[in-house]
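Asks: To start, I am sharing the structure in question, which I have written as structure tokens.
None of the figures in this text is laboratory data; all of them are computed from the coordinates on show. All values derive from a computational prediction rather than experimental measurement. Quick reminder, even Gly has a Cβ in these numbers, built from the backbone with ideal geometry, and neighbours come from all protein chains shown.
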Amino acid sequence: MPFVHVELFEGRTVDQKAAIAKEITASISKHAGAPASAINVIFTDLPEGTLFQAGEMRKK
């Protein structure tokens with residue numbers, strides 16, 4: 001039962017997330033041989049100010 005965690009900055013619509021989840025599910029199913037019904041895609045929305053690269057805040 002694969003779990004795929006996707007972290008994105010806030011602002012994506014439910015429809016955008018659904019499209020992403022559908023493609024991730026198809027890819028995992030194809031390459032890992034898992035049935036689509038067993039694949040779980042979990043989104044975490046990151047508010048601005050939560051990602052720092054090389055000590056600098058990354059903006060959208």
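Asks: Which of the listed residues, T50, G11, H31, is farthest toward the dipole's positive end in the chain, when Lys, Arg count +1 and Asp, Glu count -1 at the beta-carbon?
Replies: H31
Asks: Shifting gears a bit: Roughly what % antiparallel, to the nearest 5, for the DSSP beta bridges in the chain?
Replies: Just about 20 percent of them are antiparallel.
Asks: Taking loop as defined by DSSP and a crowding limit of 15 other beta carbons within 10 Å, which GluC sites (Glu not before Pro) in the chain fit?
Replies: Of the GluC sites (Glu not before Pro), the ones in loops of the chain whose Cβ has at most 15 other Cβ atoms within 10 Å are E10, E48.
Asks: Give, in whole angstrom and from largest to smallest, the semi-axes √(5λ) of the equivalent ellipsoid of the chain, with λ running over the eigenvalues of the Cα gyration tensor. Intermediate results must be reported in sequence, preceding the final value.
Replies: Numbers: eigenvalues 150, 34, 14 Å².
The answer is 27, 13, 8 Å, longest axis first.
Asks: So, one more: Enumerate by residue number the trypsin sites (Lys or Arg not before Pro) in the stretch 1-59 meeting two conditions: DSSP loop (anything except H, G, I, E, B), and at most 11 other Cβ atoms within 10 Å of the site's Cβ.
Replies: Values: sites: R12, K17, K22, K30, R58, K59; in loops: R12, R58, K59.
Those satisfying the criteria are K59.
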